[in-house]
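Engineer: Sending over a structure as structure tokens; questions will come in a sec.
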Amino acid sequence: MDNRIIELLEQQEGRYLSGEVLSQDLNISRTAVWKHIKKLEAMGYQIEASRRLGYRLLGKPSKLTMPELLDKLRGTSFVPSIKLLDSVDSTQNVAQRLAEEGAPEGTLVIAEQQTSGRGRMGRNWVSPSGKGVWMSMVLRPGIPLQFAPQLTLLAAVALCRALKSIAPLDIGIKWPNDLLIGGKKISGILLESTAEDERLRYVVAGIGISVNLEEADYPQELLEIATSLRIVLGRPVERSEVIAAFIVQFEQLYTVYHKEGFTPIRTLWEALAITLHKPARLTTPSGVVEGMPIGLDDRGALLVQCSDGSVVPVFSADISFPSANR
């Protein structure tokens, strides 16, 4: 049904097609036609609706292709396999299944759309079709479980550097791994790990990047806190270029990490962070910590200096800045 609607609209070559004609051709009600149009819009099709004239097709979603991705990634050997999917519940779920089946490090799962994308703390992630980069990567770092937070910070640095290499954007990292432009979130990173005998068996790094989303793609409540590269730059960005830039940066930093440890990553993260040296409130699983974030420790924890002068390491928390809200 959806394919037939697109076929009919394409035949009009930019002209309007009435809802009545669509209804008769498809043998469904005009209300059902409208529901299919909304579904197609959610899939990335740009369809203009006029109460008097009907519908016309303005644009189709730009799909990623395997040849395009392979061409962009030809300068790196880090990705041995790519699984390119149309629509999934979550790329994390697919990558975890592949990891359990023995998929090698660097295996990449990319989807045009996620129906149940998730972020940190179990939050939902808006993942419309053809508009962003929704991907997960299998890692097998072979490090002790206690150092898993370091990989989250490494991924944030890699993505921040990648986006800066594509466009001159004022991007900063909000602890631990959110990327913000002008105070609005543009990406999210979620690392989920499986361990055995206190060592990581594998890690699945989920990367969500709002590349070509427009304001209409966001729920009203997110417009104040979220943005996209397209909104900021005023133009669309090639998604395959974003993917390739991230993989290049990640491979470089991952190599440095294994050779030199966490210290170089910590230095880079602190240089890109917008979280440090401002009063903060951190809601942790064990309670609230208030103080001044001053840096990272060797394990990757955020060091928070409290009013009594003590320094508390925080590994997981929701962070806010009360003074910024006044």
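The values are calculated or read from the model by the stated rules, or taken from the named source; none is laboratory data. Note that this is a predicted model, so its numbers are computed, not measured. Virtual Cβ from ideal backbone geometry, glycine too; neighbours counted across all protein chains shown.
Engineer: I'm checking my understanding of the structure. Among residues of the range 284-298 that are touching a residue at least 24 places away in the same chain (Cβ under 8 Å) and under 17 Å from Ile265 (Cα atoms), which one is surrounded by the fewest Cβ atoms within 10 Å (Cβ to Cβ)?
Structural biologist: Filtering the range 284-298 down to residues touching a residue at least 24 places away in the same chain (Cβ under 8 Å) leaves 284-285, 289, 293, 295-296, 298.
Add one more test, that the residue is under 17 Å from Ile265 (Cα atoms), and what stays is 295-296, 298.
On the way: Gly295: 18, Leu296: 25, Asp298: 12.
Going through the qualifying residues, I end up with Asp298.
Engineer: Scan the range 74-104 for residues that are polar (S, T, N, Q), more than 16 Å from the chain's Cα centre (by Cα), under 14 Å from Met135 (Cβ atoms) and assigned to a loop (DSSP other than H, G, I, E, B) and report the count. Quick ask: steps written out before the conclusion?
Structural biologist: Here is the first cut: in the range 74-104, the ones polar (S, T, N, Q) are 76-77, 81, 87, 90-93, 96.
So of that shortlist, the ones also more than 16 Å from the chain's Cα centre (by Cα) come out as 76-77, 81, 96.
Still in the running and under 14 Å from Met135 (Cβ atoms): 81, 96.
If we keep only those that are assigned to a loop (DSSP other than H, G, I, E, B) too, we end up with 81.
Qualifying residue count for the region: 1.
Engineer: Do we find that Ile319 is part of a helix (DSSP H, G or I) and crowded, with 19+ Cβ neighbours inside 10 Å in this structure? Walk me through it before giving the result.
Structural biologist: Details: part of a helix (DSSP H, G or I): no; crowded, with 19+ Cβ neighbours inside 10 Å: yes.
For Ile319, the condition - part of a helix (DSSP H, G or I) and crowded, with 19+ Cβ neighbours inside 10 Å - is not met.
Engineer: In the set Leu253, Leu222, which member is among the aliphatic types (A, V, I, L, M), in the same structural domain as Glu105 (by TED's automatic domain parsing) and under 22 Å from Asp318 (Cα atoms)?
Structural biologist: Values: Leu253 fails: under 22 Å from Asp318 (Cα atoms).
Among Leu253, Leu222, only Leu222 is among the aliphatic types (A, V, I, L, M), in the same structural domain as Glu105 (by TED's automatic domain parsing) and under 22 Å from Asp318 (Cα atoms).
Engineer: Mind listing whichever residues of the range 34-72 are assigned to a loop (DSSP other than H, G, I, E, B), closer than 18 Å to Glu112 by Cα and not hydroxyl-bearing (Ser, Thr, Tyr)? It would help to see each step written out before you state the result.
Structural biologist: Of all residues in the range 34-72, those assigned to a loop (DSSP other than H, G, I, E, B) come to 43-45, 51-53, 60-65.
Filter again for closer than 18 Å to Glu112 by Cα, leaving 43-45, 60-65.
Matches in the range 34-72: Met43, Gly44, Lys60, Pro61, Lys63, Leu64.
Engineer: Is there a residue being hydrophobic (A, V, I, L, M, F, W, C) and within 16 Å of the chain's Cα centre (by Cα) anywhere in the range 248-259? Spell out the reasoning first.
Structural biologist: Within the range 248-259, the first condition is being hydrophobic (A, V, I, L, M, F, W, C), and the residues that meet it are 248, 250, 253, 256.
With within 16 Å of the chain's Cα centre (by Cα) added as a condition, the list becomes 250.
Within the range 248-259 (the criterion being hydrophobic (A, V, I, L, M, F, W, C) and within 16 Å of the chain's Cα centre (by Cα)), the answer is yes, since at least one residue qualifies.
Engineer: Do we have Glu238 as out of contact with any Asp or Glu (no Cβ under 6 Å at 6 or more places or on another chain), farther than 30 Å from Pro80 by Cα, surrounded by fewer than 21 Cβ atoms within 10 Å (Cβ to Cβ) and of a type in the set (Asp, Glu) here? If you could, list the steps in order and put the result at the bottom.
Structural biologist: Values: out of contact with any Asp or Glu (no Cβ under 6 Å at 6 or more places or on another chain): yes; farther than 30 Å from Pro80 by Cα: no; surrounded by fewer than 21 Cβ atoms within 10 Å (Cβ to Cβ): yes; of a type in the set (Asp, Glu): yes.
Spelling it out, it is not the case that Glu238 is out of contact with any Asp or Glu (no Cβ under 6 Å at 6 or more places or on another chain), farther than 30 Å from Pro80 by Cα, surrounded by fewer than 21 Cβ atoms within 10 Å (Cβ to Cβ) and of a type in the set (Asp, Glu).
Engineer: When you check Ala148 against the structure, is it under 23 Å from Glu100 (Cβ atoms), small (Gly, Ala, Ser) and in a helix (DSSP H, G or I), yes or no? Write out each step before concluding.
Structural biologist: Numbers: under 23 Å from Glu100 (Cβ atoms): yes; small (Gly, Ala, Ser): yes; in a helix (DSSP H, G or I): yes.
For Ala148, the condition - under 23 Å from Glu100 (Cβ atoms), small (Gly, Ala, Ser) and in a helix (DSSP H, G or I) - is met.
Engineer: Here is a list: Leu302, Leu276, Leu272. Which entry is within 20 Å of Cys160 (Cβ to Cβ), crowded, with 20+ Cβ neighbours inside 10 Å and under 26 Å from the mean Cα position of the chain (by Cα)? Steps first, answer last, please.
Structural biologist: Values: Leu276 fails: crowded, with 20+ Cβ neighbours inside 10 Å; Leu272 fails: crowded, with 20+ Cβ neighbours inside 10 Å.
Testing whether each residue is within 20 Å of Cys160 (Cβ to Cβ), crowded, with 20+ Cβ neighbours inside 10 Å and under 26 Å from the mean Cα position of the chain (by Cα) leaves just Leu302.
Engineer: Additional query: Of these, Ser18, Ser23, Ser62, which one is out of contact with any helix residue (DSSP H, G or I) (no Cβ under 9 Å at 6 or more places or on another chain) and among the small types (Gly, Ala, Ser)? Before the answer, list the steps.
Structural biologist: Details: Ser23 fails: out of contact with any helix residue (DSSP H, G or I) (no Cβ under 9 Å at 6 or more places or on another chain); Ser62 fails: out of contact with any helix residue (DSSP H, G or I) (no Cβ under 9 Å at 6 or more places or on another chain).
Answer to the selection: Ser18.
Engineer: Go through (1) surrounded by 12 or more Cβ atoms within 10 Å (Cβ to Cβ); (2) in contact with a helix residue (DSSP H, G or I) (Cβ under 8 Å, 6 or more places away or on another chain) for Gly75 and report which single condition fails.
Structural biologist: Checking Gly75 against (1) surrounded by 12 or more Cβ atoms within 10 Å (Cβ to Cβ); (2) in contact with a helix residue (DSSP H, G or I) (Cβ under 8 Å, 6 or more places away or on another chain), the one that fails is (1).
Engineer: Run down Pro264, Pro236 and say which single residue is part of a loop (DSSP other than H, G, I, E, B) and either free of Cβ contacts under 8 Å to residues at least 60 places away in the same chain or in contact with a Lys or Arg (Cβ under 9 Å, 6 or more places away or on another chain) (or both).
Structural biologist: Numbers: Pro264 fails: part of a loop (DSSP other than H, G, I, E, B).
Criteria check complete, one pass: Pro236.
Engineer: Failed condition for Ile243, given (1) assigned to a helix (DSSP H, G or I); (2) surrounded by fewer than 23 Cβ atoms within 10 Å (Cβ to Cβ), with all others met?
Structural biologist: (2)
Engineer: Okay, moving on. Is it true that Leu40 is aliphatic (A, V, I, L, M), closer than 19 Å to Ile6 by Cα, surrounded by 15 or more Cβ atoms within 10 Å (Cβ to Cβ) and touching a strand residue (DSSP E or B) at 6+ places or on another chain (Cβ under 9 Å)?
Structural biologist: Numbers: aliphatic (A, V, I, L, M): yes; closer than 19 Å to Ile6 by Cα: yes; surrounded by 15 or more Cβ atoms within 10 Å (Cβ to Cβ): yes; touching a strand residue (DSSP E or B) at 6+ places or on another chain (Cβ under 9 Å): yes.
So Leu40 fits the description; yes.
Engineer: When both residues are 6+ apart or on different chains and their Cβ atoms are under 7 Å apart, which pairs have a first residue that lies in the range 186-203 and is touching a residue at least 12 places away in the same chain (Cβ under 8 Å) and assigned by TED's automatic domain parsing to the domain that holds Leu223, and a second that is among the aromatic types (Phe, Trp, Tyr) and surrounded by 14 or more Cβ atoms within 10 Å (Cβ to Cβ)?
Structural biologist: Correct list of pairs: Gly188/Trp125; Thr194/Tyr202.
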